[in-house]
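Peer 1: Dropping a structure here in structure tokens format, bear with me for questions.
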Amino acid sequence: MMKYYVNENCIGCGLCVNTCPEVFEMTDEGVAKAMNISTDMDEAQEALEGCPVNAIEEV
């Protein structure tokens, strides 16, 4: 099980939220954040790998 973190590189493109809304959500500031959950969902890893600015980290 992994937890994810969205760092300051996020540009708010929404790819992670569209790929795995169970783990990622958009903030009022227009950037993404990862919810404080552990998951082994393939979609969360897909979001990490697909992020265009490498803003998603495993923690």
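No value in this document is a laboratory result; all are computed from the given coordinates. Please read all numbers here as calculations on a predicted model, not as lab measurements. With ideal geometry, Cβ positions are generated from the backbone for all residues, glycine too; neighbour counts draw on all protein chains shown.
Peer 1: Per the helix-only calculation at 222 nm, which mean residue ellipticity applies to the chain, given -39500 (n - 2.57) for every DSSP H run of n ≥ 4 and division by its residues, nearest 500 deg cm²/dmol? Display every interim value, and only then the final one.
Peer 2: Details: 2 runs with 14 residues, N = 59.
After summing the helix terms and dividing by the residues of the chain, the value is -6000 deg cm²/dmol.
Peer 1: Then there is this: For the chain, with only Lys/Arg (+1) and Asp/Glu (-1) charged at the beta-carbon, what is the dipole magnitude about the Cα centre, in debye rounded to 20?
Peer 2: Numbers: 2 positive and 12 negative charges, 23 e Å.
It comes to approximately 100 debye.
Peer 1: Moving to a separate point now. Just need the relative contact order of the chain here, percent rounded to a whole number, with Cα pairs under 8 Å and 6+ apart. Mind dumping the intermediate values first?
Peer 2: Values: 99 pairs, mean separation 28.7, N = 59.
Reported as a whole number, the value is 49 percent.
Peer 1: Grab the other residues whose beta carbon is less than 15 angstrom from that of Glu22, score K and R as +1, D and E as -1, and report the net. Before the final figure, lay out each step's value.
Peer 2: On the way: positive: Lys3, Lys33; negative: Glu25, Asp40, Asp42, Glu43, Glu46.
That works out to -3.
Peer 1: What number comes out for the charge environment of Asp40, summing +1 per Lys or Arg and -1 per Asp or Glu over other residues with Cβ under 12 Å away? All intermediate terms of the calculation are to be shown ahead of the outcome.
Peer 2: Values: positive: Lys3; negative: Glu22, Asp42, Glu43, Glu58.
Result for the neighbourhood of Asp40: -3.
Peer 1: Can you give the Kirkwood hydrodynamic radius of the chain from its Cα pairs, in Å with one decimal?
Peer 2: Values: mean 1/r = 0.0919 Å⁻¹.
Computed over Cα pairs of the chain, the Kirkwood hydrodynamic radius comes out at 10.9 Å.
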